[in-house]
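Working notes, beginning with the structure itself.
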Amino acid sequence: MIKIGVDPTIFSIGPFHFAWYGLAVALGIMFVVFWASYEIKKGARISYDNLLMGAIVGIPSGIIGARLVHVIDRWEYYSQNLGQIIGGDGLSIYGGILGALLGIWIYSRYSKLNFGHLLDVVAPGIAIGQAIGRVGCTLNGCCYGDHTTVSWGIEYTNPNSYGYGAGVVHPTQVYEIIFMVTLFIILYKLRGRLKPDGSLAMVYFAGYAIWRFFIDFIREGTPFLFGLHQAQVIAIVILIVIIALAVKNKVSFVKKTDIVEKEEEEVGN
């Protein structure tokens with residue numbers, strides 16, 4: 001058993017509290033932007049201006065989406081505490097991703113930005129960004145698993161921790177960190193190997209959806225529909241959409257010879 005006695009709050013200045021979770025989320029977002037910048041330097045067909053505008057639009061819309069989905073998931077509580085909807089704690093990773101996507105998609109419709117290509121560019125970065133965010137969850141004491149007797153189970157001992165009093169639980173946050181790093185490696189290896197644009201992002205969404213569907217069976221949470229958590233229901237919907245898009249767009253591998261020819265053509269130009 002591993003005991004975690006970290007206080008979720010790093011420090012406070014008057015009424016403002018700076019938490020490990022907030023820091024992790026900020027670092028995760030920064031990594032996504034850093035990764036996209038790296039890909040642009042490597043030849044991604046996106047301008048720095050579009051990246052900047054995408055971040056300006058995507059970050060706030062992501063925060064709104066993250067909060068909205070969290071509130072819907074915990075509506076039984078928030079319906080009785082309406083004042084906490086705006087000022088309370090709690091975010092949903094799925095809501096954040098979907099909210100950011102919606103905001104950037106709307107922006108792409110007006111800027112003629114290649115939305116599918118942009119998603120392919122940022123997908124590996126999002127995987128690592130999520131892993132960083134889950135480090136914050138681990139320190140925060142949220143998003144933990146069910147009770148367990150495994151030797152690597154964790155127990156939160158700080159009274160301020162969100163997981164205080166939960167007993168020994170599965171460190172599902174750590175499980176997800178490991179999975180997201182693995183998914184990043186897969187996405188990294190597949191860069192430039194799939195067509196059309198948006199295909200790499202489909203691998204990310206499908207991979208994470210499958211992961212969330214199964215990991216949530218051992219995560220704490222409230223049944224949302226048919227005994228499943230909200231994240232599991234969203235995962236099913238996403239998988240159905242991804243499969244339909246993959247068939248419609250005829251997702252396929254690009255031959256290595258085609259990649260070499262394309263690189264030689266770009267060098268020649």
Note, ³J(HN,Hα) from phi for the stretch 103-110, Karplus 6.51, -1.76, 1.60, rounded to Hz, x at Gly and Pro: x, 5, 4, 4, 4, 5, 5, 9
By average C-beta atoms within 10 angstrom, highest first, the peptides 172-180, 107-115, 9-17: 172-180, 107-115, 9-17
So for the chain, if I pair up every lysine 8 or more residues apart or on another chain, how many of those pairs have alpha-carbons under 23 Å apart? 24
Can you tell which of Ile104, Ile86, Ile46 shows the greatest fluctuation in a Gaussian network model of the chain with Cα springs below 10 Å? Ile86
Treat the chain as a sphere of radius equal to its Kirkwood radius over Cα pairs and apply Stokes-Einstein at 37 °C in a medium of 0.692 mPa s; give the translational diffusion coefficient in µm²/s, rounded to a whole number. 165
Taking a ≥ b ≥ c as the square roots of the eigenvalues of the Cα gyration tensor of the stretch 20-107, is the shape rounded (a/c under 1.5), prolate (a/b larger than b/c) or oblate? prolate
Ordering 222-235, 242-255 by per-residue average of other C-beta atoms within 10 angstrom, highest first, gives 222-235, 242-255
222 nm mean residue ellipticity, helices alone, for the chain (DSSP H n ≥ 4; -39,500 (n - 2.57); rounded to 500): -21000 deg cm²/dmol
For the chain, what is the percent of antiparallel DSSP beta bridges, rounded to the nearest 5? 75
Ser47-Gln80 pseudo-label distance in nm [points 7 Å out on the Cα-to-Cβ vector]: 5.4
Pull up all non-local amide H partners of Arg219: gap of 5 or more, or a different chain, and H-to-H distance under 5 Å with H placed in the peptide plane. Asp146
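Each value in this text was obtained by applying a stated rule to the coordinates, not by laboratory testing. On a predicted model such as this, the values are computed, not experimentally measured, just so you know. Backbone-built Cβ (ideal geometry, glycine too); neighbour counts: all protein chains shown.
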